[in-house]
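Have a look at this one.
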Amino acid sequence: MLTRAPKGTKDVLPGESYKWQYIEKIMRDVCARFAYREIRTPTFEHTELFLRGIGDTTDVVQKEMYTFLDKKERSITLKPEGTAGVVRSFVESSMGGAAQPTKMYYLNCPVFRYENPQHGRYREHHQFGIEGFGSEKPSIDAEVISLALTVLRELGVSGLALNINSIGCKQCRPDYNKALIEYLSKNKDGLCRDCQQRMGTNPLRVLDCKQETCSAIVKNAPKMIDYLCGECSTHFDGLKARLKSADIDYVVNPMIVRGLDYYTKTVFEIISTDIGALGTVCGGGRYDELVEELGGKPTPGIGFGMGMERLLLVLESLGIDIPEPSLCDVYVCTLGENASEKGFKITADLRAAGIKAECDHTGRSMKAQMKYAGKIGAGKVIIIGENEIAKGVAAVRDMKASEEKTVAFEQLNEFIKGGE
Ligand code: ATP
Ligand code: MG
């Protein structure tokens, strides 16, 4: 127990964290180019926020939330998604008072869901996401999608499918729900028990059910896209036109509804065919009612969440090589206490000059230090023994060329920086 991480959690080990840093850098760079700024919100929020935001008949709320009472008996929930916290912050900090739109991103946001762990599905995972508030125009929908695709393209990921759909609004959804309920009622016996219940409370959720029998029935169900009101239909056309003008390929997939209740109009998923059934790398959509639902002034919004672990799996399965930074450029090998002290100072000076430098902390032999230096990738080794201390010089060995030069202590930084 003690030495085993809880089920569904994963360490990012020192030997693999560079991969995370690599994708994080690309995400930050792309966000800066699109004028999205970072927001960081707490890991936990009042449970009520998610009940109201995500919807209390969704799987996330009913089955997957990590909810507990704190010592003062407040109900607290670990974030099961990234958007609700950002909306709460948008309202609490009165961001709507500034010139709109408000464009924000979050990176490495921990997300907790009590799910059945499997490849690419964890109980704690991390999301990169963006949220754009204050614009109802389809151009921002297209921008949000374009940002996600730019990140993926710059990571070298190809062969992903962009699926888009519109799930309507307050105006047109009720008519569609009626038609859907009518259809589902006729096929009720074939639905799973959850869906038989959902049918009455939240029929759209049935479309998102992962059970095969339900998927088969749902295939022939009426489609929201055929019930869109004039405004939703024009909005969807505007999105498609902009994707087209930006040469972004898409498929209209009327089956995409997303698992959270707050979506209106645009929903989309970016799907990889390389990681099997768990192919959704990124999912998002518009949430024009959410800010008001959570107590703010009516403000449209749109965003996406991208699973970082799943993205890393896609990179791996595509064989995309992430360059591993060198751990050490120069290793300072020393023999004896005097040399060790001098070596420590030389290492500090090299580091201060911006050079990746390392020295011995184990007291191992000179030969073992040289071997270790090779192991951690040092291109150069500085060798200091009693002789060198007496003369005020060090031997600098180029590991590749196997050449050695004598350099005065005070010239070491220059010599190493010169890259000779
Ligand atoms: P799925 O259909 O795979 O359950 P979802 O619709 O629940 O995904 P979202 O709520 O949209 O997912 O979350 C956005 C992204 O976060 C997903 O596209 C996926 O990449 C990632 N993700 C979601 N749940 C998990 C999980 N349990 N473990 C790892 N990544 C996840
Ligand atoms: Mg899910």
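Anything in segment 272-285 that is out of contact with any Asp or Glu (no Cβ under 6 Å at 6 or more places or on another chain) and either near ligand 1 (Cβ under 9 Å from one of its atoms) or modelled with pLDDT of 95 or more (or both)? List them, or say none.
Result: 277, 278, 279, 281, 282, 284, 285.
Right, residue 330: over 22 Å from residue 15 (Cβ atoms) and β-branched (Val, Ile, Thr) or not?
Against the criterion (over 22 Å from residue 15 (Cβ atoms) and β-branched (Val, Ile, Thr)), residue 330 does not qualify.
I've got another one for you. Looking only at segment 101-116, count every residue that is hydrophobic (A, V, I, L, M, F, W, C) and within 11 Å of ligand 1 (Cβ to nearest atom) and tell me the total.
Matching residues across segment 101-116 total 3.
What number of residues in segment 160-200 are assigned to a helix (DSSP H, G or I) and not hydroxyl-bearing (Ser, Thr, Tyr)?
22
Evaluate the following for residue 128: is it within 21 Å of residue 310 (Cα to Cα), more than 16 Å from ligand 2 (Cβ to nearest atom) and not β-branched (Val, Ile, Thr)?
yes
What are the residues in segment 1-39 that are part of a helix (DSSP H, G or I) and among the polar types (S, T, N, Q), if any? I'd like the intermediate steps shown before the answer.
From segment 1-39, those part of a helix (DSSP H, G or I) are 17-33; that's our starting set.
The answer is 17, 21.
From the list 336, 305, 295, pick out the single residue that is within 16 Å of ligand 1 (Cβ to nearest atom) and either buried (at least 19 other Cβ atoms within 10 Å of the Cβ) or not hydrophobic (A, V, I, L, M, F, W, C) (or both).
Exactly one residue qualifies, and that residue is 305.
Follow-up question, since we're still on this one. Touching a residue at least 60 places away in the same chain (Cβ under 8 Å), away from ligand 1 (no atom under 16 Å from the Cβ) and not polar (S, T, N, Q): does that describe residue 168?
The answer is yes for residue 168.
Suppose we filter 156, 200 for residues that are assigned by TED's automatic domain parsing to the domain that holds residue 86 and either surrounded by fewer than 18 Cβ atoms within 10 Å (Cβ to Cβ) or within 16 Å of ligand 1 (Cβ to nearest atom) (or both); which single one remains?
Details: 200 fails: assigned by TED's automatic domain parsing to the domain that holds residue 86.
On inspection, the qualifying residue turns out to be 156.
Within the set of pairs 6 or more residues apart or between chains, which connect a residue that is aliphatic (A, V, I, L, M) inside segment 129-144 to a residue that is at pLDDT below 95 and surrounded by fewer than 22 Cβ atoms within 10 Å (Cβ to Cβ) with Cβ atoms less than 6 Å apart?
none
Give me the residue from segment 59-81 that is without any contact (Cβ under 8 Å) to a residue 40 or more places away in the chain and touching a Phe, Trp or Tyr at 6+ places or on another chain (Cβ under 7 Å) and, out of that set, surrounded by the fewest Cβ atoms within 10 Å (Cβ to Cβ). Please lay out each step first, then the result.
First pass over segment 59-81, keeping only residues without any contact (Cβ under 8 Å) to a residue 40 or more places away in the chain: 61-62, 67-80.
Adding the requirement that they be touching a Phe, Trp or Tyr at 6+ places or on another chain (Cβ under 7 Å) leaves 61, 76-80.
Working: 61: 21, 76: 15, 77: 20, 78: 21, 79: 23, 80: 22.
For segment 59-81, the residue satisfying everything is 76.
Additional query: Any residue at all in segment 377-386 that's free of Cβ contacts under 8 Å to residues at least 40 places away in the same chain and either closer than 18 Å to residue 344 by Cα or touching a Leu at 6+ places or on another chain (Cβ under 9 Å) (or both)?
Checked against the condition, which is being free of Cβ contacts under 8 Å to residues at least 40 places away in the same chain and either closer than 18 Å to residue 344 by Cα or touching a Leu at 6+ places or on another chain (Cβ under 9 Å) (or both), segment 377-386 yields no hits at all.
Still on this structure, please answer the following. Would you be able to say whether some residue in segment 131-146 is among the acidic types (Asp, Glu), within 16 Å of ligand 2 (Cβ to nearest atom) and either touching a His at 6+ places or on another chain (Cβ under 8 Å) or outside any helix (DSSP H, G or I) (or both)?
no
Looking only at segment 40-51, count every residue that is of a type in the set (D, E, K, R) and either crowded, with 18+ Cβ neighbours inside 10 Å or assigned to a strand (DSSP E or B) (or both) and tell me the total.
Residues of segment 40-51 that are of a type in the set (D, E, K, R), as a first pass: 40, 45, 48.
Now restrict to residues that are either crowded, with 18+ Cβ neighbours inside 10 Å or assigned to a strand (DSSP E or B) (or both): 45.
Here the count works out to 1.
I need the full set of residues from segment 51-78 which are modelled with pLDDT of 95 or more and within 14 Å of ligand 2 (Cβ to nearest atom), in order please.
Answer for segment 51-78, where residues must be modelled with pLDDT of 95 or more and within 14 Å of ligand 2 (Cβ to nearest atom): 64, 65.
Limited to segment 45-85, what total is found for residues that are of a type in the set (A, V, I, L, M) and within 14 Å of ligand 1 (Cβ to nearest atom)?
Selection size over segment 45-85: 6.
Condition (residue is more than 16 Å from ligand 2 (Cβ to nearest atom) and touching a residue at least 40 places away in the same chain (Cβ under 8 Å)) applied to segment 360-367: is it met by at least one residue? Full working, then the answer.
Taking segment 360-367 first, the residues more than 16 Å from ligand 2 (Cβ to nearest atom) are 360-367.
This time we only want the ones that are touching a residue at least 40 places away in the same chain (Cβ under 8 Å), so: none.
No: zero hits.
The values are calculated or read from the model by the stated rules, or taken from the named source; none is laboratory data. Please read all numbers here as calculations on a predicted model, not as lab measurements. FYI the Cβ positions are ideal-geometry reconstructions off the backbone, even for glycines, and counts take in every protein chain you see.
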